[in-house]
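Shown below is the structure under consideration.
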Amino acid sequence: MASEDARYRETSQFQAWSFSPAQLAAMREKTNAIARQRIAERMLASASNPPTSNNTSHANTPDPSGHGTPNPTENSTPTLPDFLKPEEEALLVSFYVSELLRAADHLGVPDEVRATATVFFRRFFLTNSIMTYPPQEMILVALFVGSKAEGRFPRIIEFQQKFNTKQDILAGEFLLCQGNRFNFEVRHPFRALMGATMELRSYGDIDEQRIIAAEKRAHEILLFSPLMTDAYFHYTPSQIMFAALSLADRGLAERLIQETFHFVPPTTNNDNTPAVTPLPGLENPGIGRKEGGSKGITTNDERAAIVGPGIRDKVMGTIEACRNMLSTELPERKSHWTSEAIFKSQIRPVRKKLTKCRDPDRWNLSELQRQRREAGVRRADSEERPAASNGAKDAAIFGGDLSADAPEKKRRKVDGNGLEDPFGGPL
């Protein structure tokens, strides 16, 4: 049976959405650069082909020179706005994630739905710029898709009534799924925390109230800190759980790690032969055959590589790094993102800047969906025309009309209403 680590490495969360800090920063730089280039191109194209106007307020005004009134900006290149920088985009994403968490509290959704929707939202704006699609509308889309991904199927009307909005949530659903590469499985650290507390209780020498307090605080941290940071992009669910437990009670987290990674291999047996020890779960002779060795037997060096002090130090270093990341956004920071002073000094200037540099063609999700549907219809029509002409050419060779407009006698009808009978003619 594959280990839990091996199964996790096969998930899309690890293969498609796990990055080093340098890789994540490079992706955000690339997303920002592509968005700046494409938005600038669309703005220039829109300025060079302005919509026709019916304004005739100056139509009867005489021109003494006999020429039309010149427009000083007619031949000049339009000035492009100041685009958002990657760090400004990251600030806005964090702000809207805090708004998403508040919306989840308003809906009263389970913890898994709340976390999955946030992960979907952060993934979407990792591969798409916040200048391209409206983050405020994508919040409700992420909550809707996240609910369905976790097995809850709310009605659109319920969402609209809860938030008193007429937003077309379905207009952004496919966009969000596409931005997430259709990877809907998200693994969270909540179940790992339950397992950790059960393990702590099994030791028998730890006060129950201490375990309860640590579990409550760690759960509170897991509902906010990993979602407000990049923890899901860098660490596994178990590492995030250990970091949260360490913030809640460092002693309990270290006790768990010490009890797990404590094996120190002996050098030899009493007869001076290399010592071997069966790993837990490998005592069955049919399991765990080692090449060149005995069935079910793992050498002490191999066991030390799995649960020895060397790997323990490595795990502790990873958990400490994750702990430092989570400590930057503790649950007490909720008031920071809802503070009016912070909004005026940090968020409002960037949002004002965003209104000037947003994508003119993709900001309206409903209009974008309508345009793409019309483009799909036109593309389907253009593909049908060559097929009809090919049928006419074949008719010259094989005889008869092979196009879509074949004689009616060659087409089965249902009561003469022009529809084909899917089950064939009468028996």
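The values are calculated or read from the model by the stated rules, or taken from the named source; none is laboratory data. The model shown is predicted, which means the values in this text are computed figures rather than measured ones. A quick note on method: Cβ atoms are made from the backbone with ideal geometry, for glycine too, and the neighbour counts reach across all protein chains shown. Each accessible area value is taken on the protein alone, full model and side chains, heavy atoms only, with ligands, DNA and RNA left out. Shrake-Rupley method; radii C 1.70, N 1.55, O 1.52, S 1.80 Å.
From the list Leu176, Leu193, exactly one residue is without any contact (Cβ under 8 Å) to a residue 60 or more places away in the chain and closer than 28 Å to Glu87 by Cα. Which is it?
Criteria check complete, one pass: Leu176.
Is it the case that segment 356-363 has a residue that's in a helix (DSSP H, G or I) and at pLDDT 55 or above?
Yes: segment 356-363 contains one or more residues that are in a helix (DSSP H, G or I) and at pLDDT 55 or above.
Right, here's the next one. Are there any pairs, at least 6 apart or on different chains, whose C-beta atoms fall under 6 Å, with the first in segment 105-131 and closer than 19 Å to Phe190 by Cα and the second open to solvent by 30 Å² or more (accessible area, probe 1.4 Å) and in a helix (DSSP H, G or I), and if so, which?
That search, which allows pairs on different chains as well, returns Thr116/Ala149.
Same structure, new question: Quick one: how many residues across segment 1-44 are among the small types (Gly, Ala, Ser), part of a helix (DSSP H, G or I) and open to solvent by 50 Å² or more (accessible area, probe 1.4 Å)?
Looking only at that region, the number is 4.
Same structure again: Applying the selection to segment 313-332, what residues are open to solvent by less than 50 Å² (accessible area, probe 1.4 Å) and charged (D, E, K, R)?
Arg323, Glu329
Being open to solvent by 50 Å² or more (accessible area, probe 1.4 Å) and under 27 Å from the mean Cα position of the chain (by Cα) narrows it down to one of Ser335, Ser382, so name that one.
Ser335
Also, quick follow-up: Between Ser246, Ser238, which is modelled with pLDDT of 95 or more and either of a type in the set (A, V, I, L, M, F, W, C) or in contact with a helix residue (DSSP H, G or I) (Cβ under 7 Å, 6 or more places away or on another chain) (or both)?
Selected residue: Ser246, the only one of Ser246, Ser238 that is modelled with pLDDT of 95 or more and either of a type in the set (A, V, I, L, M, F, W, C) or in contact with a helix residue (DSSP H, G or I) (Cβ under 7 Å, 6 or more places away or on another chain) (or both).
Got a sec? Which of Phe159, Phe121, Phe174 is aromatic (Phe, Trp, Tyr) and within 26 Å of Glu41 (Cβ to Cβ)?
Among Phe159, Phe121, Phe174, only Phe174 is aromatic (Phe, Trp, Tyr) and within 26 Å of Glu41 (Cβ to Cβ).
How many residues does segment 141-161 contain that are assigned to a loop (DSSP other than H, G, I, E, B), open to solvent by less than 80 Å² (accessible area, probe 1.4 Å) and on the phi < 0 side of the Ramachandran plot?
Summing the residues that are assigned to a loop (DSSP other than H, G, I, E, B), open to solvent by less than 80 Å² (accessible area, probe 1.4 Å) and on the phi < 0 side of the Ramachandran plot in segment 141-161 gives 2.
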